[in-house]
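Here's the structure we're looking at; comments come further down.
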Amino acid sequence: PIGDQMLYSAAVAYAHHPWDVTFIGELFGSTPMETVNLPTDRQSSNMEALAGARYTFRDRWDLHGGLGTEVVHGLATPDFRIYAGLNYRFGPLPDAEPAPAPVAVRE
């Protein structure tokens, strides 16, 4: 019932290296690009806030979880949510330590 929408989000992350944990916060939502009249008490726009953490337990594996709640009482926004997941990263990983600088040899 809702056509084209504009999606938006803003997020922050803070990596706490001694624990290998990254704390994450995000605010995201959507707004219809045209007027929507639906028989409901919810708005056609929605917005949700999430807070969580991601723990790296192997080079390419992370566990993450957190909580979310609605900011705008919208059609696609749950009153609250609890989420958890397992991430696997593809591709090259950043080096843990930078390579040593080359040493000039004098003859």
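The values are calculated or read from the model by the stated rules, or taken from the named source; none is laboratory data. Keep in mind the model is a prediction, meaning the values are calculated, not measured. No Cβ is skipped: glycine too gets one built from the backbone with ideal geometry, and neighbour counts run over all protein chains shown. We work out accessible area using only protein heavy atoms, side chains counted, and drop any ligands, DNA or RNA first. Shrake-Rupley method; radii C 1.70, N 1.55, O 1.52, S 1.80 Å.
Count the net charge of all other residues whose Cβ sits under 15 Å from the Cβ of ILE2, scoring Lys and Arg as +1 and Asp and Glu as -1.
On the way: positive: ARG42; negative: ASP4, GLU34.
That sum, taken over residues with Cβ under 15 Å, equals -1.
Starting from the Cα of ILE82, step 7 Å along the direction of its Cβ; do the same at TYR14; then give the gap between the two resulting points in nm.
If labels sit at ILE82 and TYR14, their model points lie 2.4 nm apart.
What ranking of LEU93, LEU7 comes out by heavy-atom accessible area, probe 1.4 Å, highest first? Before the final figure, lay out each step's value.
Details: LEU93 60, LEU7 135 Å².
Per-residue accessible area, sorted high to low, gives LEU7, LEU93.
Restricting everything to alpha-carbon atoms, can you work out Rg to Rh for segment 1-60 with a Kirkwood hydrodynamic radius?
Values: Rg = 17.3 Å, Rh = 14.2 Å.
Computed over Cα atoms, the ratio is 1.22.
From the backbone phi of segment 23-31, what are the Karplus-calculated ³J(HN,Hα) couplings (6.51 cos²θ - 1.76 cosθ + 1.60, θ = phi - 60°) in whole Hz, Gly and Pro given as x?
These are the phi-based 3J(HN,Hα) values: 8, 10, x, 8, 10, 9, x, 8, 9 Hz.
Per residue, how much accessible surface does the chain expose to a 1.4 Å probe? Answer in Å², no decimals.
For the chain, the solvent-accessible area averages 79 Å² per residue.
Using only the Cα atoms of the chain, construct the convex hull and provide its projected area averaged over every direction, in square nanometres to one decimal. Walk me through the numbers on the way to the answer.
Values: hull surface 45.2 nm².
Average projection, Cα convex hull of the chain: 11.3 nm².
Can you give the net charge of the other residues whose Cβ lies under 11 Å from the Cβ of GLU48, counting K and R as +1 and D and E as -1?
Working: positive: ARG81; negative: GLU26, GLU70, ASP79.
Here the count lands on -2.
How large, in percent, is the carbon and sulfur part of the accessible surface of segment 1-97 at a probe radius of 1.4 Å?
58 percent
By accessible area of protein heavy atoms, probe 1.4 Å, what ranking do MET33, MET6, MET47 get, highest first?
Details: MET33 125, MET6 100, MET47 45 Å².
I get MET33, MET6, MET47, largest accessible area first.
What spacing in nm lies between the two simple spin-label points modelled at ILE2 and ALA49, each 7 Å away from Cα in the Cβ direction?
Between ILE2 and ALA49, the simple spin-label model gives 2.0 nm.
Would you mind computing, in nm to one decimal, how far apart the modelled labels at ARG89 and MET33 are, each placed 7 Å from Cα along Cα→Cβ?
3.5 nm
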